[in-house]
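Coordinate-derived values only; no laboratory data. What you are looking at is a predicted structure, and each value in this text was computed from that prediction instead of being measured. Here the Cβ is made from the backbone with ideal geometry for all residues, glycine too, and neighbour counts use every protein chain on show.
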Amino acid sequence: MKILILGGYGTFGGRLAALLADEKGLELVIAGRDAARAAAFAASLGGAARKTPARLDRDGNVGAQLAALAPDLFVDASGPFQAYGAAPYRVVEACVAGGISYLDLADGSEFVAGIAAFDQAARARGVFVLSGVSSFPVLTAAVMRVLARSMASVETVTAGIAPSPFAGMGLNVIRAIASYAGKPVTLRRDGAAARGHALLETMRFTIAPPGRLPLANRRFALVDVPELKVLPALRPDLRTVWVGAAPVPEILHRSLNVLAWLVRLRLIPTLAPFAKLFHWAINRLRWGEHRGGMFVSVTGKDEAGRPIERVWHMIAEGDDGPLIPSMACAALIRRIPFGTRPASGARAAAEDLELADYVPLFSARAIETGIRERRPGDERAPLFQRILGEAWTRLPGPVRSLHDRTADWRARGEATVERGTGLLSRLAGALFRFPPAAAAVPVEVSFACRGGETWRRDFGGRTFASHLSEGRGRNDRLVCERFGPFTFAMALVLESGKLRFVVRRWSLFGLPLPRAWAPDGASCEHVAGGRFHFHVEIGHRATGLIVRYKGWLVPCPAEAAAAPSEVRA
């Protein structure tokens, strides 16, 4: 099968070519206006597929160029689709006239909605014309269908994408965003057509697959994407749809939000002339973690008429995240040689893939997903269960048993304590009342469950306490542990049977402090010899080791008698 990828050496087209490069039996035609770039990129690709460079100018005689290249399938990965001018569908028309099936990675709501005008002609020629074959709206719609299962009604869908600061945004992506920044966006809100303004409506959200290290809390701004029109057509009961993007660093994102107000206030007509400047800035002024993610939230009513919320979380590590927008096209194309060809006709591609079609592509990469569900009464569940979500059931029995309490109780055991020997280390240890170094010291921990959990630890008569609570705002999906004026917001990460505590934020008297200055150390809970074990290590680059204590705990006799089976491995 011969596949022509227009923009094949660009950001999304190049990633699509990389995803298909190992497919035997495919010929990938890497096309664009610059023949030299096409040839260089084609030569750089490995894999079993045949790679051929070609020059194709969408503003030229597209029909003649397609006739000369004779592809079986045309993929438009160029864009920006919002700026295709007076004849935005000239490539689509040429493909249909030539009997060539067509896919695109369009992200513009108007462009994707307009593709249906070619449905009759595409059916007559026996070709498929699918628009928006990308994360927005294909992946969003597929996730929505999974989340909506067993729901009697769906009321809202909220989604967002949070790219890594090191993902590398193409110029055409920036041009698309700049073209609609500050301008009206038609969406569905409270059951009626409404108008928002791109990049001016914002919300904050933490992407956190259960039991995985979450992304930092991100600020999402409204974007003009196909979901705003496609999803209400798929779900007539859907009352509200909102989709945002959260690029980082946040200071650059906020700067773009401010500039969008210039368009909203009609002080300037568009930000399009600044696209090259934005592109330069966002691809050079970048810092933070090389991780990205996506979320889809669905709220509605269950079969009993009670409110329910389900949220799908996805995190991609390193360079795997930027591949996700091209995965929908790759998944569709990979199925065609095996007889799973999209039906003829022209439409948005929102129903042509299911979430299961993404699983092989996700599993081959460092991409983690998970679902969180919230129902009335969940706020009464144990603290760690609320934070961990569906990962709670994967905890080893004794670890889950220790945290599966909503009333006061105690546990006893034994520990070994090590202390740092430097002056600053000793001062820090004294400030927090950490126990002195000792071997085989008896330990008792009391848990008071009021407004969170207060843990009072007694190491052979030396006591210190902290208060744990569920994080809110920028600490959402984290457990916050307060020692006097200091608060440490920690992620609960389940890895290889161990529950790890990873500091993500910290503050003094409520004022946030730089994470780079935070104490460090490996802290976890696990099972050994059928018993609950703990390992806590606290240090700092300025002090070295402050304290390390490790040991085991079992419930005190009264609690053990109440639930003897829970404390066994």
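About its Cα centre, what dipole magnitude does the chain give when the only charges are +1 on Lys and Arg Cβ and -1 on Asp and Glu Cβ, stated in debye to the nearest 20? Mind dumping the intermediate values first?
On the way: 72 positive and 52 negative charges, 220 e Å.
Roughly 1060 debye for the chain.
Take the alpha-carbon centre of the range 175-228, take the same for the range 9-36, and report the distance between them in whole Å.
Taking the Cα centre of each part, the range 175-228 and the range 9-36 sit 30 Å apart.
Could you sort 163-169, 19-25 so that the peptide with the highest average Cβ count within 10 Å comes first and the rest follow in order? Working shown, then result.
Working: 163-169: 20.4, 19-25: 15.4.
Highest-to-lowest ranking by the protection proxy: 163-169, 19-25.
Can you tally the net charge around GLY389? Count Lys and Arg as +1, Asp and Glu as -1, for every other residue whose Cβ sits under 14 Å from the Cβ of GLY389. Display every interim value, and only then the final one.
On the way: positive: ARG212, ARG310, ARG372, ARG374, ARG375, ARG386, ARG394, ARG400, ARG477; negative: GLU309, GLU368, GLU373, ASP378, GLU379, GLU390, GLU470, ASP476.
Summing Lys/Arg as +1 and Asp/Glu as -1 gives +1.
Considering the values (i) -0.22, -0.32, -1.22; (ii) -0.43, -0.57, -1.02; (iii) -0.26, -0.38, -1.15, which represents log10 I(q)/I(0) by the Debye sum over Cα atoms at q = 0.05, 0.06, 0.12 Å⁻¹ as calculated for the structure under consideration?
(iii)
When a/c reaches 1.5 or more, the comparison of a/b and b/c decides; with that in mind, is the range 224-290 rounded, prolate or oblate per its Cα gyration tensor?
On the way: a/c = 2.71, a/b = 1.55, b/c = 1.75.
Oblate.
With labels modelled as points extended 7 Å from the Cα through the Cβ direction, what inter-label distance (nm, one decimal) is found for ALA430 paired with VAL146?
Modelled inter-label distance: 5.5 nm.
For TYR549, TYR89, which order do you get if you count the other beta carbons within 10 Å of each Cβ and list the fewest first? Let's see the in-between values first.
Details: TYR549 23, TYR89 18.
Taking fewest neighbouring Cβ atoms as first place, the list is TYR89, TYR549.
Which whole-number percent gives the relative contact order of the range 2-131, counting Cα pairs below 8 Å spaced six or more residues apart?
Working: 233 pairs, mean separation 29.4, N = 130.
Reported as a whole number, the value is 23 percent.
Are there any trypsin sites (Lys or Arg not before Pro) in the range 464-530 that are in a DSSP loop and have at most 14 other Cβ atoms within 10 Å? List them by number. Write down the numbers at each step before the final one.
On the way: sites: ARG472, ARG474, ARG477, ARG482, LYS498, ARG500, ARG504, ARG505, ARG515; in loops: ARG472, ARG477.
Counting only loop positions with at most 14 other Cβ atoms within 10 Å, the trypsin sites (Lys or Arg not before Pro) in the range 464-530 are ARG472.
At 222 nm, what value in deg cm²/dmol follows for the chain if DSSP H runs of at least 4 each add -39500 (n - 2.57) and the sum is divided by all its residues, to the nearest 500? Before the final figure, lay out the partial values.
On the way: 17 runs with 147 residues, N = 569.
Helices in the chain give a 222 nm mean residue ellipticity of -7000 deg cm²/dmol.
How much length, in nm to one decimal, is gained on full extension between ASP319 and GLU373, taken as 0.36 nm per residue of separation minus their Cα-Cα distance?
Values: separation 54, 0.36 × 54 = 19.44 nm, distance 2.92 nm.
Answer, rounded to one decimal: 16.5 nm.
With contacts defined as alpha carbon pairs under 8 Å and 6 or more residues apart, what's the relative contact order of the range 379-567 in percent?
Numbers: 416 pairs, mean separation 41.6, N = 189.
That works out to 22 percent.
Once you sort the root eigenvalues of the Cα gyration tensor of the range 155-225 as a ≥ b ≥ c, which label holds: rounded (a/c under 1.5), prolate (a/b larger than b/c) or oblate (the other case)?
Values: a/c = 2.65, a/b = 1.19, b/c = 2.22.
Here the range 155-225 falls in the oblate category.
In whole angstrom, note down how far apart the Cα centers of the range 232-259 and the range 480-510 are.
Between the Cα centre of the range 232-259 and that of the range 480-510, the gap is 29 Å.
Could you compute the net charge surrounding PRO247? Neighbours are other residues with a C-beta less than 10 Å from the C-beta of PRO247; K and R count +1, D and E count -1.
On the way: positive: ARG218, ARG219, ARG286; negative: GLU250.
Result for the local shell: +2.
To the nearest 0.05, what FRET efficiency results for THR186 and ASP476 with a Förster distance of 22 Å applied to their C-beta separation? Present the calculation step by step, with values, prior to reporting the outcome.
Details: r = 30 Å, r/R0 = 1.36.
E between THR186 and ASP476, to the nearest 0.05, is 0.15.
Could you work out the relative contact order of the range 105-262? I mean the mean sequence separation of Cα pairs under 8 Å and 6+ apart, divided by the number of residues, in percent.
Numbers: 235 pairs, mean separation 45.6, N = 158.
This gives 29 percent for the range 105-262.
Run the count for the chain, please: Lys pairs, Cα-Cα under 18 angstrom, 8 or more apart or on different chains. Write down the numbers at each step before the final one.
On the way: LYS2/LYS24; LYS2/LYS51; LYS24/LYS51; LYS183/LYS229; LYS498/LYS550.
Within the chain, the lysine pair count is 5.
Please give the length that would be gained between SER44 and ARG195 if that part of the chain were fully extended, namely 0.36 nm times their separation in residues minus their C-alpha to C-alpha distance (nm, one decimal). Intermediate values should be presented prior to the final figure.
Working: separation 151, 0.36 × 151 = 54.36 nm, distance 4.53 nm.
Separation in residues times 0.36 nm, less the Cα-Cα distance, equals 49.8 nm.
So what's the net charge close to LEU478: Lys and Arg +1, Asp and Glu -1, counting the other residues with Cβ under 12 Å from its Cβ? Present the calculation step by step, with values, prior to reporting the outcome.
On the way: positive: ARG386, ARG472, ARG474, ARG477, ARG504, ARG505; negative: GLU470, ASP476, GLU481.
In short, +3.
Using the Cα gyration tensor of the range 261-391, with a ≥ b ≥ c the square roots of its eigenvalues, what is the shape: rounded (a/c below 1.5), prolate (a/b larger than b/c) or oblate (neither)?
Details: a/c = 1.59, a/b = 1.18, b/c = 1.35.
Taking the square roots of the gyration eigenvalues as a ≥ b ≥ c, the range 261-391 is oblate.
Could you order the peptides 202-211, 53-62, 373-382 from most to least packed, using the average number of other C-beta atoms within 10 Å per residue? If you can, show how the numbers build up before the last one.
Working: 202-211: 20.6, 53-62: 16.7, 373-382: 11.5.
The most tightly packed comes first, giving 202-211, 53-62, 373-382.
So how strong a dipole does the range 2-131 carry about its Cα centre when Lys and Arg Cβ are +1 and Asp and Glu Cβ are -1, to the nearest 20 debye? Intermediate values should be presented prior to the final figure.
Working: 12 positive and 13 negative charges, 71 e Å.
It comes to approximately 340 debye.
What does the extension gain come out to for ARG531 and LEU511, with contour length at 0.36 nm per residue minus their alpha carbon separation? Intermediate results must be reported in sequence, preceding the final value.
Numbers: separation 20, 0.36 × 20 = 7.20 nm, distance 3.85 nm.
Gain on stretching ARG531 to LEU511: 3.4 nm.
Label points 7 Å out from Cα along the Cβ direction at LYS550 and HIS290: separation in nm?
With each label placed 7 Å out from Cα toward Cβ, I get 3.1 nm.
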